[in-house]
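Some notes on the structure that comes next.
The values are calculated or read from the model by the stated rules, or taken from the named source; none is laboratory data. These numbers were taken from a predicted model, which means no experiment stands behind them. Virtual Cβ from ideal backbone geometry, glycine too; neighbours counted across all protein chains shown. Ligands, DNA and RNA are stripped out before the accessible areas are found, and what is left, the full protein with its side chains, is counted by its heavy atoms. Shrake-Rupley method; radii C 1.70, N 1.55, O 1.52, S 1.80 Å.
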Amino acid sequence: MTATGGSPAYIIAARRTPVAPRGGALAHLQADELAAPVLELLLEDTGLAPASIDHVILGNALYAGGNPARLAALRAGLPVEVPAMTIDTQCCSGLDAIALGVRLIEAGAASCVLAGGTESFSRSPIRLHRPAERGAEPVPFDRPVFAPPPFTDPDLTEAAARLAGERKITAAAQADFAVASHAKAVTAKERGRSNLVACSPGAREDDFTRRLALKTALRAPVLAGSGGCELTAATIACEADAAAAVLLVSDEMRRPSALPGLKVIAAQGGGCDPADPALAPIGVARSLIAALGQSAAEFDAIELMEAYAVQAMVTIEDLGFDSDVVNSHGGALARGHPIGASGAILMVQLFELLARTSGNAGETGKRRGLALIAAAGGLGSGMAVEADNS
């Protein structure tokens, strides 16, 4: 069903796979194979027919071409007439895909969009540059260039370590943050999750989540940094596999469904100096919060990407967030970081916290939420939502 007039966009369903570390329980699945059951279950949750979907948009960062969104849509049984596109803004990809779906609905170009992200670190291609000269050997590379000269294009871990040193954020403080993230995730896991898609018999929960003791975190191998502000294997999110998506609809399509949902009230991207990629969400958040005419304290739930403990800690401090409402079900340090899916996972978490409140004692008063994520190259994305259970 293609829209003819603009409308606010609503998230009426949100699902994700469990997050599994690279080489773990989801290692046998390609990115599109991870996403397909998520798309299927979103339709099942809402009772919408596959033919009602106007577009599928998925973020993906590691597949070096192709169109995983189209493969996932076809695997999910969507009609061949439904278009699908894959976008790559690295870590922001999943959230940016949702923002693009929102804008299609707001512009009147669509009424119903499946949007999110998918990533398989385990099955991602091995990368080689073709040689510049005939007969030369291909040149392997770990990552593409994120910023051209004269900009600095730092290794992200080295950039985070430099930030920790500049802000005097100690390894011990980072370890405390990681331990807290795991503790919140364990509590949520024990309470039971309603948003997970069991896409593989061996993967029904986020299996990296554990009761992490502080002494264990403090003994984790150092990966970067020095002078007491080191980054370790416990304070950097592990490489992971997962998919996540939401079902976006216009107001006209939402009203007959009577489903609880989230109204998207703002979505924004932004940038900063590529030398300091972790700082990008801070400017995005300030701009977004100012546009809404509210303060940081007025958000009831905040989902903030924890690619690095230090990145999350600096964002919380600089924006004055209440740490009690940030990642209240745990963050990526306790799950893992499936790059193209991570931003979409934040929105699935917000849906769990805000739209599905009837079964979660103590959370029924939550109304507004914010998702924030940083990406390589100095990019940041944010999205604000409001619970709409009318």
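Collect the residues in the stretch 320-349 that are over 19 Å from Thr89 (Cα atoms) and assigned to a loop (DSSP other than H, G, I, E, B), keeping them in residue-number order. Those that are over 19 Å from Thr89 (Cα atoms) and assigned to a loop (DSSP other than H, G, I, E, B): Gly320, Phe321, Asp322, Asn327, Ser328, His329, Gly330, Gly331, Arg335.
Restricting to the stretch 154-178, name every residue that is open to solvent by less than 50 Å² (accessible area, probe 1.4 Å), assigned to a loop (DSSP other than H, G, I, E, B) and under 30 Å from Tyr63 (Cα atoms). Residue satisfying the conditions is Pro154 alone. Checking the stretch 307-319 against the condition returns a match, with at least one residue being crowded, with 18+ Cβ neighbours inside 10 Å, of a type outside the set (Ser, Thr, Tyr), touching a residue at least 24 places away in the same chain (Cβ under 8 Å) and closer than 18 Å to Ser93 by Cβ. Taken together, the residues in the stretch 85-99 that are in contact with a His (Cβ under 9 Å, 6 or more places away or on another chain) and open to solvent by 20 Å² or more (accessible area, probe 1.4 Å) amount to 1. Between Gly269, Gly336, the distinction of being at pLDDT 95 or above, small (Gly, Ala, Ser), over 30 Å from Leu29 (Cα atoms) and in contact with a Cys (Cβ under 8 Å, 6 or more places away or on another chain) belongs to Gly269 only. Here Ser194 clears all of (1) under 20 Å from the mean Cα position of the chain (by Cα); (2) surrounded by fewer than 16 Cβ atoms within 10 Å (Cβ to Cβ); (3) not in a loop (DSSP other than H, G, I, E, B) except the condition numbered (3). The set of residues from the stretch 131-174 being small (Gly, Ala, Ser) and closer than 16 Å to Ile316 by Cα comprises Ala160, Ala164, Ala173. Cβ-Cβ distances below 8 Å connect the following pairs, each with a first residue in the stretch 192-219 that is among the acidic types (Asp, Glu), a second residue that is open to solvent by 60 Å² or more (accessible area, probe 1.4 Å), and a separation of six or more residues or different chains: Glu205/Lys189; Asp206/Lys189.
When the stretch 186-203 is filtered for residues that are under 18 Å from Leu354 (Cβ atoms) and touching a helix residue (DSSP H, G or I) at 6+ places or on another chain (Cβ under 8 Å), the ones remaining, listed by number, are Arg193, Ser194, Asn195.
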